[in-house]
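The values are calculated or read from the model by the stated rules, or taken from the named source; none is laboratory data. Source: prediction; values computed, not measured. Because the Cβ atoms are built from the backbone with ideal geometry, glycine has one as well, and the counts that use them run over all protein chains shown.
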Amino acid sequence: MHFRTFLLLLLVGLTQSCEQSAKSEAIEPRALLDSAITAHGGARYDGATIRFALNNYDFELKREGYTYDYKMSQEKDGALHMVNTFNGGLTYKIGDSLVDHGGRQMTLIRERVNNVAYDFYIPYSLTGNDIVLEYLGTENMRLKPYHKLKVSYKQIPGADPDERAYVLWISADTYEIDFIAKQNEAASGRKQFMAAAYKRRVGGMLFSDFELYQTADRNKEVAIDSLGMAYNSGNMQRKAVTTYMDIEVDPKSN
């Protein structure tokens with residue numbers, strides 16, 4: 001190769017690298033998240049009541065600003081068991097009777113309901129004041145370009161470290177979220193990788209079922225921001241599917 005040709009190729013490569021770097025730096029994490037929220041339904045979530053069935057339980061969710069009211073119910077032994085979590089409160093009823101299973105068990109019940117609701121509302125749920133956003137660049141998934149956005153949580157001085165985190169793969173074309181990696185806490189190694197499956201719009205809002213994938217070591221040795229690479233390489237197996245049945249939406253009444 002002639003030196004002049006080599007120099008020209010080098011200059012072209014450097015120019016493309018600078019252009020890609022400039023494009024990456026131009027992506028503002030909050031604006032990217034806002035675009036995803038808009039693509040999924042935006043303000044329609046606020047104040048709407050959403051009902052669906054999941055794993056033999058019925059859910060009724062409502063969020064408005066920073067207030068929430070979530071219900072999980074199931075018919076059991078001829079009686080309706082109803083858990084209701086809301087800002088600062090929790091009730092558990094069997095029929096018309098209030099019950100209290102004790103502090104630890106009630107805490108676990110609250111976490112179960114709130115975790116289902118939090119994941120169901122992504123990306124709308126990722127707007128709190130405790131959120132930290134980091135843009136991780138782009139990555140091809142299924143041969144299509146995606147923006148990678150990491151979501152972590154502010155650390156409270158004196159409190160236990162909050163190791164929860166998400167990575168969202170946001171389509172560069174539609175701004176819809178097609179892949180999610182989730183870390184509950186670093187110490188336990190509990191990580192999930194989810195790929196959107198059946199998508200549909202109800203009341204102008206986008207809802208997706210999710211296929212759950214695992215590596216051979218159950219995702220323990222892979223950082224959540226690298227789970228996309230493991231998925232693309234074929235080193236994951238589908239283990240389960242999260243299926244939201246019979247979704248109904250009552251829009252916010254004006």
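Which of the numbered conditions does Glu134 fail, given that it passes all the others? Conditions: (1) closer than 17 Å to Trp169 by Cβ; (2) in a helix (DSSP H, G or I).
Status for Glu134: all satisfied but (2).
Of the residues that make up the stretch 213-223, is at least one touching a strand residue (DSSP E or B) at 6+ places or on another chain (Cβ under 6 Å), within 29 Å of Asp160 (Cα to Cα), modelled with pLDDT under 95 and among the β-branched types (Val, Ile, Thr)?
So far as the stretch 213-223 goes, no, none of its residues is touching a strand residue (DSSP E or B) at 6+ places or on another chain (Cβ under 6 Å), within 29 Å of Asp160 (Cα to Cα), modelled with pLDDT under 95 and among the β-branched types (Val, Ile, Thr).
If we keep just the residues of the stretch 186-202 that are touching a Lys or Arg at 6+ places or on another chain (Cβ under 9 Å) and at pLDDT 95 or above, which is farthest from Ala48 (Cα to Cα)?
My answer is Phe193.
Can you tell me how many residues in the stretch 219-234 are surrounded by 13 or more Cβ atoms within 10 Å (Cβ to Cβ), out of contact with any Lys or Arg (no Cβ under 8 Å at 6 or more places or on another chain) and part of a loop (DSSP other than H, G, I, E, B)?
The number of residues fulfilling the criteria is 1.
Please determine whether any residue of the stretch 38-51 is surrounded by 13 or more Cβ atoms within 10 Å (Cβ to Cβ), in contact with a Ser or Thr (Cβ under 9 Å, 6 or more places away or on another chain), among the small types (Gly, Ala, Ser) and on the phi < 0 side of the Ramachandran plot.
yes
Considering Asp246, Asp160, Asp225, which residue is of a type in the set (D, E, K, R), free of Cβ contacts under 8 Å to residues at least 12 places away in the same chain and farther than 19 Å from Thr38 by Cα?
None of the others qualify; the one that does is Asp160.
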